[in-house]
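Notes for the one structure printed next.
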Amino acid sequence: MTTRDRQPLGRDYQLMVSALADVTRRRDAEVAEAEQAYQDSAARAAGELARAESDALAADRWAGAAAAQVLDVDREAGRLWEQLRRAGGLRVRALGELPEPAPVEAMPRIALQRRPEPGEDVIAPGRQSPRVLLSRAADRIDVTIRPAGNGALPRWTLPLLPLVGGLTAVLTGLIAAGLVTFGDTVLWGGPVIRGLGWLTFLVAPSSGVPLAAYTAHSRLHARLDIGGIGLTLLGGMVAATALSLSFATTR
């Protein structure tokens with residue numbers, strides 16, 4: 001075999017080696033891409049698994065809180081029902097036992113509360129919490145059993161009654177003094193205005209009683225008894241006496 005016959009064989013060998021190297025590079029690149037894709041898929045799967053576990057844990061916590069709220073609502077509803085049964089009145093006492101709650105299957109799907117999304121309120125807009133509804137029912141039952149205005153005044157209000165009577169008497173006395181002074185200066189209707197002034201001065205010691213009774217009824221849901229009226233009158237009489245003495249010394 002001559003040198004000319006060997007040259008084509010050498011060129012073919014070089015081409016084959018070059019093609020083999022090219023195939024090897026492509027194989028390595030594809031293997032690297034497959035490895036990277038596998039790692040990315042594994043990372044995404046791990047992230048999805050972590051999120052699923054977090055959602056499951058949040059759902060468990062929400063379910064536990066919902067179950068505890070259901071127990072609290074049932075307990076409070078039972079207490080209010082027994083309290084209402086013990087109230088006076090024939091129709092109230094004939095209520096019977098506490099009715100069973102409606103089954104979940106009978107409730108419309110819109111009434112079933114789903115698990116809230118992150119950042120979403122537990123109570124849907126336009127709906128009220130069961131605790132708020134039970135609190136309103138408790139207030140109405142308290143009003144039914146113990147009507148407002150029939151309770152006794154708290155002890156801390158007793159020292160304030162003479163002060164209320166005194167301040168109201170002073171204000172009424174100043175109005176009476178103004179009417180008397182104004183009646184002395186006008187030409188027409190002076191005696192009538194002075195008479196109104198003296199009449200106002202006569203009722204000044206007891207002017208704090210209506211104010212104290214209204215405040216006790218509207219704010220404290222209590223009744224102003226004889227002792228409270230006496231304390232209010234005492235403060236009004238002392239203030240009216242001091243105001244009369246001050247007017248007597250200035251005239």
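Under the rule a/c < 1.5 gives rounded, and otherwise a/b versus b/c splits prolate from oblate, where does segment 155-250 land using the Cα gyration tensor?
Working: a/c = 3.59, a/b = 2.14, b/c = 1.67.
Here segment 155-250 falls in the prolate category.
Extension gain for Ser41 to Arg131 (0.36 nm times residue separation, less C-alpha to C-alpha distance): 27.7 nm. Evaluated at q = 0.16, 0.19 Å⁻¹, the base-10 log of the normalised Debye intensity for segment 171-223, with identical point scatterers placed on the Cα atoms, takes the values -0.54, -0.63.
Remark: spin-label model distance Ala68-Leu211 equals 4.9 nm, labels positioned 7 Å along the Cα→Cβ axis.
All of the numbers you see were taken from the coordinates with simple rules; none came from a lab. In this text, all values refer to a predicted model and were calculated from it rather than measured experimentally. When we count neighbours, we look across all protein chains shown, and the Cβ atoms used for this are built from the backbone with ideal geometry, even at glycine.
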